[in-house]
Amino acid sequence: MKGFASIASLLCVAFMSVSAAPEGAVLELIKQGRKAYASRDWDEAIRFFSAAIERDKEEDEAYVGRALTYVKKGSRARPSPTSTRRSRSLRTNRITC
């Protein structure tokens, strides 16, 4: 039984390390996103980072890259209709004392 527990824990650790690492395609999309970001091609960078997020919703670096790109893109970025409605509802539902 002791041998089974050590094998099971070893398999669990191996599975966690494999599942935690982003796959090669996701890393390549992030790399391309960084390249587009460096050349100030904001729309292309957003497309690459978004594609990486679609493939792996747990990949934090893709979210960070996309967020930084939106910040750099600045005032030219348009908020989505959902975020506009949400901010309007927050303004109208304010509690005043």
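Any read-out appearing in this document is the output of simple, stated calculations on the displayed coordinates, not a laboratory observation. Keep in mind the model is a prediction, meaning the values are calculated, not measured.
Here's the list of aspartates and glutamates a cross-link from LYS57 could span, going by alpha-carbon distance under 17 Å and ignoring same-chain residues fewer than 8 apart: GLU23, GLU28. Overall, the anisotropy analysis places segment 20-74 in the prolate class: the square-rooted eigenvalues a ≥ b ≥ c of its C-alpha gyration tensor yield a/c not less than 1.5, with a/b exceeding b/c.
Within the straight-line cut-off of under 17 Å between alpha carbons, the aspartates and glutamates reachable from LYS73 are ASP41, ASP43, GLU44, sequence neighbours fewer than 8 places apart in one chain being disregarded.
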